[in-house]
Amino acid sequence: MIAENLADVRARIAAAAARAGRDPTSIQLLAVSKTKPAEAVAEAYAAGQRAFGENYAQELETKHAALAHLKDLDWHFVGRLQTNKAKVVAKIAKMVHAVDGERLARELGKRAEGREAPLDVLVEVNVGGEASKGGVAPGDLAPLLSAIEAIGSLRLRGLMSIPPPTPDAESSRRFHHLLRSIRDAHGGPARLPELSMGMTDDLEVAIEEGATIVRVGTAIFGARTART
Ligand SMILES: *Cc1c(COP(=O)(O)O)cnc(C)c1O
């Protein structure tokens, strides 16, 4: 079931890449396993998936411990992160997707000292201008990017967004397009190679607009019943 779902998602990515004239290997599939058991992650791993995304620090820690024997499995933290949870995330994650303030960046930097490799970070941009959502306003992005680049234990890799819900995938296009334009206004792919955008419902549109990482949960693991 999970293996078939993964094959379907990979086919969707390949088709969207072909339509956009992009190399499909330039798009990384991140399997978002939040609320799903470690067994589901192991099943996806057996089907060849290596990168997994979690939203809650406690859950990340539990699943990381349960699956520590899978050495080439990479964990990404995609949720809103409180500074008091930075320690556990900086220890386990390869990449943190939703850094949205200097205080959090500095805390992650402090906790990432002593790691073998720097901690990869993306800055979340609030593309919908929603007060209730995380992410920096586009106008506040420049100083945050510079601050992150000054922290030796972090490696700035790009931008991430969670656009507002839209009635259909096509309506999300302007938000994906906006993130890409913001990236291009702040140094382009040379400085910010990764664009983490697109989920189960809109991954094709996100790929057409330049996504390099799509974060997919439901299409791989099925609907979530608990907190989303
Ligand atoms: C849950 C989640 C996803 C996956 O969403 P689906 O619609 O289930 O694919 C992607 N990104 C973030 C930040 C999430 O919290």
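Numerical summary
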quantity	calculated
Scope segment 1-39; condition part of a strand (DSSP E or B) and open to solvent by 50 Å² or more (accessible area, probe 1.4 Å); matching residues	GLN28
Pairs, first over 21 Å from VAL96 (Cα atoms) in segment 30-50, second surrounded by fewer than 21 Cβ atoms within 10 Å (Cβ to Cβ), C-beta under 7 Å, six or more apart	ALA42/LEU67; ALA47/ALA3
Residue within segment 46-64 that is in a helix (DSSP H, G or I), within 13 Å of the ligand (Cβ to nearest atom) and more than 16 Å from the chain's Cα centre (by Cα) present	yes
Options VAL89, VAL127; residue that is of a type in the set (A, V, I, L, M, F, W, C), open to solvent by 10 Å² or more (accessible area, probe 1.4 Å) and farther than 19 Å from PRO37 by Cβ	VAL127
Tally, over segment 92-123, of residues that are part of a loop (DSSP other than H, G, I, E, B), charged (D, E, K, R) and surrounded by fewer than 19 Cβ atoms within 10 Å (Cβ to Cβ)	4
Pairs with Cβ under 6 Å, 6+ apart, first in segment 1-21 and free of Cβ contacts under 8 Å to residues at least 60 places away in the same chain, second open to solvent by 20 Å² or more (accessible area, probe 1.4 Å)	ALA3/ALA47; ALA14/PRO24
Residue that is nearest to the ligand (Cβ to nearest atom), among those in segment 70-86 that are under 24 Å from GLU130 (Cβ atoms) and open to solvent by 40 Å² or more (accessible area, probe 1.4 Å)	ARG80
Unique match (being among the polar types (S, T, N, Q) and open to solvent by 30 Å² or more (accessible area, probe 1.4 Å)) among THR200, THR225	THR225
Segment 107-129: number of residues that are of a type outside the set (S, T, N, Q) and within 19 Å of the chain's Cα centre (by Cα)	14
All positions within segment 180-228 that are within 24 Å of PRO37 (Cβ to Cβ) and away from the ligand (no atom under 11 Å from the Cβ)	THR225, ALA226
Tally, over segment 195-228, of residues that are of a type outside the set (D, E, K, R) and not in a helix (DSSP H, G or I)	18
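So that you can scan it fast, the table gives a plain yes or no per residue for (1) part of a loop (DSSP other than H, G, I, E, B); (2) without any contact (Cβ under 8 Å) to a residue 40 or more places away in the chain; (3) open to solvent by less than 70 Å² (accessible area, probe 1.4 Å):
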residue: SER132; (1), (2), (3): yes, yes, no
residue: LEU141; (1), (2), (3): no, no, yes
residue: GLY158; (1), (2), (3): no, no, yes
residue: ARG183; (1), (2), (3): no, yes, yes
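The values are calculated or read from the model by the stated rules, or taken from the named source; none is laboratory data. This is a predicted model, so every value here is computed, not measured. Counting neighbours? That spans all protein chains shown, and the Cβs are built from the backbone with ideal geometry, glycine included. With ligands, DNA and RNA removed, areas are computed over all heavy atoms of the protein, side chains included. Shrake-Rupley method; radii C 1.70, N 1.55, O 1.52, S 1.80 Å.
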